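Here, each number is a calculation from the coordinates, and none is a lab measurement. The structure presented is a predicted model; accordingly, all values stated were derived computationally and were not measured. All Cβ positions, glycine included, derive from the backbone under ideal geometry; neighbour counts span all protein chains shown.
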Amino acid sequence: MDRPLNVVVGVTGGIAAYKTIQVVRDLVLAGHRVKVIATDSALRFVGAPTWEAISRQPLSMSIFEDVATVHHVALGQEADVVVIAPATANTIAKLAAGIADDLLGTTVLASRAPLVVAPAMHTEMWNHPATVANVETLRARGVTIVGPDSGQLTGTDVGPGRMSEPDAIVAAALAAASRAAVPADANVSVGAAHARPRDLAGYRVLVTAGGTREPIDPVRYLANRSSGKQGVAFALAAAARGADVTVIAAHLDSDPAAALEASGLHTIEVVTAADLAAAVEREAAEASVVVMAAAVADFTPAKFSERKIKKRAQGERMELVLVRTRDVLGDLVAHPVPGRIVVGFAAETVTDRDELVAIAREKVARKPADLLVANAVGADRGFGTDDNEAVVLAASGDVIADVSGSKRAVADAVLDRAVEMLAP
Ligand code: CTP
C-alpha cells in the first residue's frame, strides 16, 4: 500500500491489549494515521497515555466527546480499515448483533471500511457455541478474522485463544484495506498483473494445500516435499475473484503460511491424510469448486507407537508397515455433485511432456476429476519454487491447456477453465 491509510484500532478488554501496542506502533511507523478507540475495560489493561504516545493522536473513548462533529460517524467514514484487537468474546457477540452502546460499536456501524478482528479469549470461550456462531456471522458478512493462535494463555492453560502476533494483524489489516481500495465498479481483482473479473463472486471454493504428515511415534512422521505455495496461490486467486474461500491447510512452508495468514481467509488446519479427508468431507458439500492441491499421503503407518521407537530394540534393520489412506479425490469424483467442479493434481517424475500427458490421462481415467492439473516434479523442480508449468486435462483425457508462469498465474489460468464449466 503506497498511500497512508486512516486506520481505526479498536482495543477491547483483554490482557492481549499489550500486544496491540505493537500493532499501533508498526502501523504508525509505516506512515499510517492511527486512531485508537479503547473501551473502558481495555483501559484497565493499558492506560490512555500509552495509546496516545504510541498513536501520536488523542485517544477516543466516549461517544459524548466532540459531539458537534458526530465523532463516531466521522471516524467510521474516514477509516480505510477498522481493526479490533484484542476482540473479546463479548465484543464479538456485540459486533455480530450490531450493538452500538459505545464509541467502538457506533464507529463500526457507521463505517463501510473492511473490518479485521483479532480474537483473544480462553479456549472454552472460543469454542463455546455462542462464540462459534457469532464468528461465523462475522465471516459471512465479510469480516476478516485473524487467528486466534494456539499456545500459552493467561494463567497456566494452553490452547487456541491467544491473540495473533502483531505482524499477522498488521498484514491482515493492510491486505483488507488494499482489497477494498479497488473501486467496486472496476471489476478487477487486486494487482494489475493478476487482473481478473470477479467471476467467482457468489461461489464457494474449497482449496486443500500443503503436505500431510503421518506420525510414526511422538517424534517422527512421514511427510512429503509439498510447500503449499500452489494451493495458497489458488486460494488467493479465488478470493481475489470474489469467491468465498475455505482453505484446508496441511503443513505449509513459512512463506505460504504467512501469505495465507495475512489474507485472513477461513482456514482449517489439518495434519494427517485422515484429518484432511474428514475436513474435506465436511466442507465439500457446500463448495462449487474443490481444488485438491494438497499432497496427501497415500500410505500411513499401520500402527502409531505411543512411545519413541528405540533403535536398540530394532537392531540393524527396521521395517515399517504402512496401510493405504483414503483417496479423497477418488471419493469426491466417485460421488459427483451436479454443478460442482473438482480439480485434481498429478505431480509426476517425468522428463518430457508426452510422458506427463500419458500418465495424467491414465490418472484422469481412473479418477475422473473435471480438471486435472499435471506437472513434472523432481529434485530441482516443482516443490517450493515460485513458478510452475503444467498441462490441464479435462475428464475426457483431452489436454485443454498448457499453463506456465507464477503459481498465481497458473492458478488463475486453471480457475478460468473452472469458471467456464460452472453453471451460471
Ligand atoms: N489425493 C487424495 N487423497 C490421497 C492421495 C492423493 O485426494 N490419499 C489427491 C491429491 O490431492 C491430488 C491427486 O489426488 O489432487 C494426486 O494423486 P496421486 O497420489 O498423485 O495419484 P494416484 O492416483 O494416487 O496415483 P499414484 O500415487 O500412483 O501416482
- Item | Estimated FRET transfer efficiency when R0 is 35 angstrom, pair Lys308-Asp40 (beta carbons, to 0.05) | 0.10
- Just give me a number: lysine pairs in the chain, eight or more positions apart or cross-chain, with C-alpha atoms less than 30 Å apart. 12
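Using only DSSP helix segments of four residues or longer, with each worth -39500 (n - 2.57), what per-residue ellipticity at 222 nm results for the chain after dividing by its residue count and rounding to 500? Kindly include the intermediate steps, with their values, before the conclusion.
Numbers: 15 runs with 150 residues, N = 424.
It comes out at -10500 deg cm²/dmol, rounded to the nearest 500.
Ranking Asp354, Asp402 by Cβ neighbours within 10 Å, fewest first, what do you get?
Numbers: Asp354 9, Asp402 12.
Least crowded to most crowded, the residues run Asp354, Asp402.
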- Query: Once amide H atoms are built 1.01 Å from N in the peptide plane, which residues 5 or more positions from Ile400, or in another chain, come under 5 Å H to H?
  - Reply: Val392, Leu393, Ala394
- Message: Using 0.36 nm times the number of residues separating Val28 and Val337, minus their current alpha carbon distance, what extension gain do you get?
- Response: 106.3 nm
- Task: At q = 0.09, 0.11, 0.15 Å⁻¹, work out log10 I(q)/I(0) for the stretch 196-421 with the Debye formula, treating every Cα as an identical point scatterer and leaving solvent out; two decimals please.
- Result: -0.36, -0.54, -0.97
- Write down the Kirkwood hydrodynamic radius of the stretch 305-410, to one decimal in angstroms, obtained as one divided by the mean of 1/r over all alpha carbon pairs. 16.2 Å
- Give the order of Ile169, Ile84, Ile309 when sorted by the count of other beta carbons within 10 angstrom, beginning with the fewest. Ile309, Ile84, Ile169
- Query: Would you list Lys363, Lys308 from fewest to most Cβ contacts within 10 Å?
  - Reply: Lys308, Lys363
- Message: Averaging the inverse of every distinct alpha carbon separation and then flipping it gives the Kirkwood radius. What is it for the chain, in angstrom units?
- Response: 23.3 Å
- Message: Can you compute the charge dipole magnitude of the chain about its Cα centre, using +1 on each Lys and Arg Cβ and -1 on each Asp and Glu Cβ, nothing else charged? Give it in debye, rounded to the nearest 20.
- Response: 640 debye
